[in-house]
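The structure under discussion appears below in the form of structure tokens.
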Amino acid sequence: MSENQQPSSEEQAAPPDETAAAENGMPAAGADGSAVPVQDEEQMPDIDPADVRIFGMPRVCFHGAAFGVAGGYIACGLIELLAEQTAGTPIGALAAKVPGAAVCSVIGAAIGYLIGRQLHKKRLAAQKAAEAADDTPEP
């Protein structure tokens with residue numbers, strides 16, 4: 001059956017009983033047949049997306065490292081193109097001495113991580129300052 005066709009009355013089954021599924025510890029099935037976890041609103045804590053850690057790093061540090069890796073690969077490729085185009089000149093000789101793409105990407109990742117770490121520290125300091133401002137009694 002294509003997506004545009006309406007299901008016949010025989011194919012329309014009543015949705016599964018979510019309470020029975022929750023009692024058994026099983027997630028209820030969604031409209032498309034995939035499992036939908038049954039959770040209470042009270043169980044889910046409100047987490048700031050900036051506080052999420054990816055591979056043990058704060059999110060901004062991970063994103064900085066990822067952009068650094070990409071930037072390292074791009075920079076290495078551009079330098080190699082420069083070395084190719086200026087072969088035989090002093091600039092070409094200097095550009096030809098650039099290490100491989102893996103080294104450039106690791107250096108870029110380290111630089112991106114350090115920038116991300118500084119941004120994370122600034123965000124935490126601003127967050128603490130906001131909390132301290134909220135805690136001070138007003139005269």
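Figures for the structure shown
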| item | result |
| --- | --- |
| In order through the range 63-80: 3J(HN,Hα) via Karplus (6.51 cos²θ - 1.76 cosθ + 1.60), integer Hz, x for Gly, Pro | 5, x, 5, 5, 5, x, 4, 4, x, x, 5, 5, 4, 5, x, 5, 5, 5 |
| At R0 = 35 Å, FRET efficiency that the Cβ-Cβ distance of residue 126 and residue 98 yields, to 0.05 | 0.35 |
| Interchain or long-range residues, amide H under 5 Å from residue 54's placed H | 59 |
| Evaluated at q = 0.11, 0.15, 0.17, 0.19 Å⁻¹: base-10 log I(q)/I(0), Debye formula over Cα of the range 49-124 | -0.37, -0.57, -0.65, -0.73 |
| DSSP-loop trypsin sites (Lys or Arg not before Pro) across the range 71-139, with at most 13 other Cβ within 10 angstrom | 97 |
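Taken together, the values in this text are just the output of simple stated rules run on the coordinates, not laboratory data. The structure displayed is predicted, hence computed values, not measured ones. All Cβ positions, glycine included, derive from the backbone under ideal geometry; neighbour counts span all protein chains shown.
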